[in-house]
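Asker: So that we are looking at the same thing, I have put the structure below in structure tokens.
The values are calculated or read from the model by the stated rules, or taken from the named source; none is laboratory data. What you are looking at is a predicted structure, and each value in this text was computed from that prediction instead of being measured. Here the Cβ is made from the backbone with ideal geometry for all residues, glycine too, and neighbour counts use every protein chain on show. These accessible areas exclude ligands, DNA and RNA; they are computed on the full protein's heavy atoms, side chains included. Shrake-Rupley method; radii C 1.70, N 1.55, O 1.52, S 1.80 Å.
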Amino acid sequence: LQSLFGSEEATQRTQTIDTAIQKLESFRTKMSALRSRLQNADQTSFVVVTVPTKLGVAESKRLMGELGSQGVDVTDVVVNQCVG
């Protein structure tokens, strides 16, 4: 690398890559903590909010299924725009 870019440029690229790796590792740690928190029913309540349409209900069912498969419990469902 040094012969292609020069030693200073190679060092700078290495530092840039190291910084990017550190940021990715930090992000991974934060996302792991977030996942743990979302999966802990004592810490988190998840409420799905929808509208009373076929699409709204279908999307809410899909979301609830996906959350369940990830270990996140949905505690409530709120249906907005209900006019009696």
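Asker: Where the second residue is modelled with pLDDT of 95 or more and open to solvent by 70 Å² or more (accessible area, probe 1.4 Å) and the first is under 22 Å from Gly71 (Cβ atoms) and among the small types (Gly, Ala, Ser) and lies in segment 39-60, which pairs have Cβ atoms under 7 Å and are six or more apart or on separate chains?
Answerer: If the second residue must be modelled with pLDDT of 95 or more and open to solvent by 70 Å² or more (accessible area, probe 1.4 Å), the pairs left are Ser60/Val77.
Asker: Restricting attention to segment 1-16, and to residues there that are part of a helix (DSSP H, G or I) and open to solvent by 100 Å² or more (accessible area, probe 1.4 Å), which single residue is modelled with the lowest pLDDT?
Answerer: So, considering only residues that are part of a helix (DSSP H, G or I) and open to solvent by 100 Å² or more (accessible area, probe 1.4 Å), the one modelled with the lowest pLDDT is Gln2.
Asker: Which ones in segment 34-84 are modelled with pLDDT under 95, surrounded by 11 or more Cβ atoms within 10 Å (Cβ to Cβ) and of a type in the set (Asp, Glu)?
Answerer: Matches in segment 34-84: Asp73 only.
Asker: Sticking with this structure for a sec: Within the set of pairs 6+ apart or on separate chains, which have a first residue in segment 13-27 that is in contact (Cβ under 8 Å) with a residue 12 or more places away in the chain, a second that is of a type outside the set (S, T, N, Q) and open to solvent by less than 100 Å² (accessible area, probe 1.4 Å), and C-beta atoms under 9 Å apart?
Answerer: Correct list of pairs: Arg13/Phe5.
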